[in-house]
Each structure stands twice: as C-alpha cells, then as structure tokens.
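A short reminder: the numbers here are calculations on the coordinates, not readings from a lab. All values reported here derive from a predicted model rather than from experimental measurement. Methodologically, a virtual Cβ is constructed for each residue, glycine included, from the backbone with ideal geometry; neighbour enumeration extends over all protein chains shown.
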Amino acid sequence: MVARLPFGIIKVKGEMMSVIETDSIDAIGMEKEMQRVFLTIIDSLVWDAENVHLFTLQEKINTYLYFIESGELLTAFPDSKGFDVAIELVLKHQPSDEAITFFDKTIQILLDKNIVFVFGPKRNGSYAEHH
C-alpha cells in the first residue's frame, strides 16, 4: 500500500524505503496497546569520516518532524490521534562516536516536542560487521 502525501510518498507495505530517500517516510506502525505511533527510519549506510551519512540522517529526521508537526501524520492515520509518537531508527551498522553525540542531542530536541527517539539494530538482531 502506498499513500501519497504533499511532501512525498509514504510506503506502509511493500518495498522498503531507506534513509537515503530523505523526502519520504520509510515505515509507519501503530501499537494500540501502548498508544504509540512508530515512524521508522531504515538505515543501512556505513558511517563515514566526512559525516555525509550523518547529514543525510539529519535531513531524514527533519522530514519526519515536518510530517508530525504539519499534521500529515493525523491526516494519514486519524486513528493515531492522542497517541504518543516515536521515531525509531533501525541501524545496520554500529553508530560512530559522532553519531552517538548527534543522537543524544536529537533525543533532547525531540523530547522537548513530546516525540520519543530510539535507535539500535533491528529487533532481536545485532549490528552488521564492517571491515
């Protein structure tokens, strides 16, 4: 299923999006028992010394923030009204020290907006080895 919104395309089922598609939402899920909406970023990029990956991720998070704050989330998923919102970053590779610093700042910025930010490897998984 694909839902088209003014700023991009949201794919809920089907082919997975990724962090490099900075103008779209990779995946959305609702956990009704927790009363939480999860907006997931799928990130398979390797961390680089020039921080291109980090800047790409920052742009992607800004897209997610716009999606939430503009009301597009409620338009696309009206049943999510009143739910907490979490941005979940699923990483293939262990984050660099610079990325961890960025994540710490991101957590605080998003918490001030009542948005939870979590990151790590896929559920029940571990980071890929990078050689």
Open item on the list: Under the 0.36 nm per residue contour assumption, what length would be gained going from the current alpha-carbon distance of S70 and Q108 to full extension?
Closed with: 11.7 nm
Task: Cα-centre dipole for region 2-120 with unit charges at Cβ (Lys and Arg positive, Asp and Glu negative), debye to 20 - done: 420 debye
TODO: Provide the FRET efficiency to the nearest 0.05 for the D79-A49 pair, computing r from the beta carbons and using R0 = 41 Å.
DONE: 0.40
Task: Under the Karplus curve 6.51 cos²θ - 1.76 cosθ + 1.60, θ = phi - 60°, whole-Hz ³J(HN,Hα) for region 86-97, x wherever Gly or Pro sits - done: 10, 9, 10, 9, 9, 9, 7, 10, 4, x, 6, 4
Task: Along each principal axis, Cα extent of region 63-131, largest first, Å - done: 44, 24, 17
Task: FRET E, pair M30, E98, Förster distance 30 Å, beta-carbon r, rounded to 0.05 - done: 0.40
Task: Cα-Cα over 20 Å, subset of K92/K113; K81/K105; K60/K122 - done: K92/K113; K81/K105
TODO: Please report Rg over Rh for region 2-120, where both radii come from the alpha carbon positions and Rh follows the Kirkwood definition.
DONE: 0.95
